[in-house]
Amino acid sequence: MEKKRLQDTAEDLFDIFRLFYKNVITPISSCTYENMTRSHFEALFALDDLGQISMSEMAKKLLLSKSYTTALVDKLVKEGFVERIPNKRDRRMIYIDITDKGRNFLEEHKKAVEENIESRINYLEEEQLYRLRVSAKEMKDIICKIYLKDENKKGEIK
């Protein structure tokens, strides 16, 4: 029974994330900025959360190859969202950091997504809205717990 419950939960979560991404995030992302992929947003959010990191750390954090991460960062640098910072001790090492323009862009994107969500849940009855909020908070808490457990396994607590 335990295995079946885990499978059903995993399937439900997958469906929720897919539906949420397809119906809420993607329409806003495509309107907010042309040619920005989910990976671009993930990179910007990671830099906003973590601050200055190396290209290798970024690739590891996003689970991307170093070559793909380089191309991703190239676009973000070109748009002025990210800057490259050379290591003064080791010229082979390059750090990246989000710029003020990148932070402002993320804030505008977040606001657009939140407004889109508000417009989509506006028709819900008060009780439904309350249950949705409680469920969303609980999901957030559980996902954070899963994330911290995974990070502790690697010995990295962020």
Next item on the list: Once you have a ≥ b ≥ c as the square roots of the Cα gyration tensor eigenvalues for region 52-96, tell me rounded if a/c is under 1.5, and otherwise prolate or oblate according to whether a/b is larger than b/c.
Entry: oblate
Next item on the list: Could you line up Thr70, Thr9 from fewest to most neighbouring Cβ atoms inside 10 Å?
Entry: Thr9, Thr70
Next item on the list: For the chain, give the magnitude of the charge dipole about the Cα centre (Cβ charges: +1 Lys/Arg, -1 Asp/Glu; no others), in debye to the nearest 20.
Entry: 880
Margin query: Using the crude model of +1 on Lys and Arg Cβ and -1 on Asp and Glu Cβ, and no other charge, please compute the dipole size for region 89-142 relative to its Cα centre, in debye to 20.
Written below: 520
Checklist line | Relative contact order %, the chain, counting alpha carbon pairs below 8 Å whose residues are six or more apart | finding: 19
Next item on the list: Using only Cα atoms, tell me the angle between helix 66-78 and the longest principal axis of the chain; keep it within 0 to 90° and round to the nearest 10.
Entry: 90
Notebook entry, point to check: What angle do you read, to the nearest 10 degrees and between 0 and 90, between the alpha-carbon axis of helix 38-50 and the longest principal axis of the chain?
Noted result: 80
Next item on the list: Count the net charge of all other residues whose Cβ sits under 12 Å from the Cβ of Val82, scoring Lys and Arg as +1 and Asp and Glu as -1.
Entry: -1
Next item on the list: Evaluate 2.2 N^0.38 Å with N set to the residue count of region 58-146, then give the Cα radius of gyration divided by it.
Entry: 1.57
Next item on the list: Using just the helices of the chain, give the 222 nm mean residue ellipticity in deg cm²/dmol: DSSP H runs with n ≥ 4 each add -39,500 (n - 2.57), and the total is spread over all residues, rounded to 500.
Entry: -23500 deg cm²/dmol
Note to self: Checking the table Lys61/Lys110; Lys60/Lys140; Lys4/Lys110 against a 26 Å threshold on Cα-Cα, which pairs fail?
What the structure shows: Lys4/Lys110
Checklist line | Cβ-defined net charge surrounding Arg5, 13 Å radius [Lys, Arg +1; Asp, Glu -1] | finding: -2
Item checked: Which labelled figure in (i) 1.08; (ii) 1.36; (iii) 1.23 is Cα Rg over 2.2 N^0.38 Å, once derived from the coordinates -> (iii)
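Bear in mind these aren't lab numbers, they're just calculated from the coordinates by the rules spelled out. Keep in mind that this is a model prediction, so the values were computed, not measured. Glycine also receives a Cβ, built like all others from the backbone with ideal geometry; neighbour counts cover every protein chain displayed.
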